[in-house]
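These notes are about the structure you will find just below.
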Amino acid sequence: MLVSAVIPCYNAQSTIGRAIDSLLLQSVAIDEIIVVNDGSVDNSLQVLQSIAKGNEKIRILNQENKGVSKARNVAINEARGEFILTLDADDYFEPTFLEKAILKFAEDANYGAVMCGYARIIDNKKVLPYIPSEISLKSCLLNNGALSCLLFKKKAIIEAGGYDEKMIKGYEDWDLNIRILKSGYTFGIVKEVLFNYTDTEGSRTYTAIENDEALRLQMYDKYQKDYQEHGKYFFQEFIKQNNKLKLEKQKLLDTTSFRLGHRITSMIQGVINAVTPKAAQR
C-alpha cells in the first residue's frame, strides 16, 4: 500500500515548510510528497527546492499559474500511491492522522475517503475545534460536510473525474466530494481533531464565501437532477434553519439586556424629540 501526499503551492513561502514537516512527521511513513508550485511569484520555489534537497520522497513540479484544481490533478496523475493525502500549503496535520485514517479504511471497503476533526488557526491560536458529522449525497448537496484535506482512495478520485478545473473561485473540493458520493462511495470519520486549518483574510475560503451564491448555482446546474430528486429534504432543512433563526431571535428579544437597551434607546429618542424643534423633526 502506497500513500502519496499532494500539495498545491502558490505564494506560500512562509507556511509550505510547516505543511511538509507535518507530512514527514507522520507516525506512518508517507511514500512520496508531490508539491506543485503553481506559478508562485514569491520565494516559494526556492524554499521548496531547499526542502527537497537530499530528500528523495519530495518531488517538486513547477507550472504556470493555473489554479489549485489543475495543480492537484497534475499531482494526482503523477502519484504512484493507492491512497492520496491532500494538503494545502498553509495547513497541517497532527502526526497520527495518517495512521488512524488507514485503520479507518480497514473498517469499511466502501469508504472513498477518510477525514477527521479540525481546528481553525487564527492569530497562531487553535480555536473552534470541530468534528464533522456523517455525510450523505443529499446532505453534501446542501452543505459540504467534508474537509478539503483528507485521505482518499486514488481510485475514488479517478472514477469521480478528478477536480473540476472550471471551479476557479472555490468549492472545487465540495464539488469533488459530491461526485465521489454519486459514484457510490461513503466517507469515514476519525473523530479526533487531527487537522489544522489556517484562517486568513484573503484566503481561498474567503474568495469562495464572497462568491457563494454564484458557486452554489454553478453546482446546481451541474447536479440539477440530484437537487430535484431530494427537493423535499432541502425544503425540510430550510424550514428547520428558518425556525431555528426565529427561535434565536425571540430568545434575544426576551433577554433582560435587550429589553433594557431598547428602553434606554427609546428614552434617549424621547429626549431628542423633546428638545428638537418640531420643524426640524419633519
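A few points about this structure:
- Only one of the numbered conditions (1) in contact with a Lys or Arg (Cβ under 9 Å, 6 or more places away or on another chain); (2) modelled with pLDDT under 95 is violated by GLU82, and that is (2).
- Members of segment 93-106 found to be out of contact with any Phe, Trp or Tyr (no Cβ under 8 Å at 6 or more places or on another chain) and not in a loop (DSSP other than H, G, I, E, B), listed by number: LEU98, GLU99, LYS100, ALA101, LEU103
- Answer residue from segment 1-25, given it is part of a loop (DSSP other than H, G, I, E, B) and in contact with an Asp or Glu (Cβ under 7 Å, 6 or more places away or on another chain) and is modelled with the lowest pLDDT among those: MET1
- Just one of the listed residues (VAL41, VAL36, VAL47) is of a type in the set (Val, Ile, Thr) and either outside the structural domain of PHE152 (by TED's automatic domain parsing) or surrounded by fewer than 17 Cβ atoms within 10 Å (Cβ to Cβ) (or both), namely VAL41.
- Matching residues in segment 1-27 - criterion: being in contact with a strand residue (DSSP E or B) (Cβ under 8 Å, 6 or more places away or on another chain) and surrounded by fewer than 18 Cβ atoms within 10 Å (Cβ to Cβ): MET1, LEU2, ARG18, ASP21, LEU24
- Considering segment 177-193, the residues that are of a type in the set (A, V, I, L, M, F, W, C) and closer than 11 Å to LEU147 by Cα include one that is surrounded by the most Cβ atoms within 10 Å (Cβ to Cβ), namely PHE187.
- Test result for ASN144, over 16 Å from PHE93 (Cα atoms) and either in the same structural domain as ASN177 (by TED's automatic domain parsing) or of a type in the set (D, E, K, R) (or both): yes
- Odd one out for GLU56 among (1) of a type in the set (D, E, K, R); (2) at pLDDT below 95; (3) buried (at least 22 other Cβ atoms within 10 Å of the Cβ): (3)
- Number of positions in segment 202-247 that are outside any helix (DSSP H, G or I) and at pLDDT 85 or above: 2
- Evaluated against (1) within 16 Å of CYS9 (Cβ to Cβ); (2) surrounded by fewer than 13 Cβ atoms within 10 Å (Cβ to Cβ), LEU128 falls short on exactly one condition, (1).
- Only one of the numbered conditions (1) out of contact with any helix residue (DSSP H, G or I) (no Cβ under 8 Å at 6 or more places or on another chain); (2) in a helix (DSSP H, G or I) is not met by SER69, and that is (1).
- Single residue of segment 26-59 satisfying the filter (within 24 Å of the chain's Cα centre (by Cα) and in a strand (DSSP E or B)) that is nearest to ARG80 (Cα to Cα): GLU32
The values are calculated or read from the model by the stated rules, or taken from the named source; none is laboratory data. This one's a predicted model, so the numbers in the text were calculated from it and none came from an experiment. As a convention, Cβ positions derive from the backbone with ideal geometry for all residues, glycine included, and neighbour counts pool all protein chains shown.
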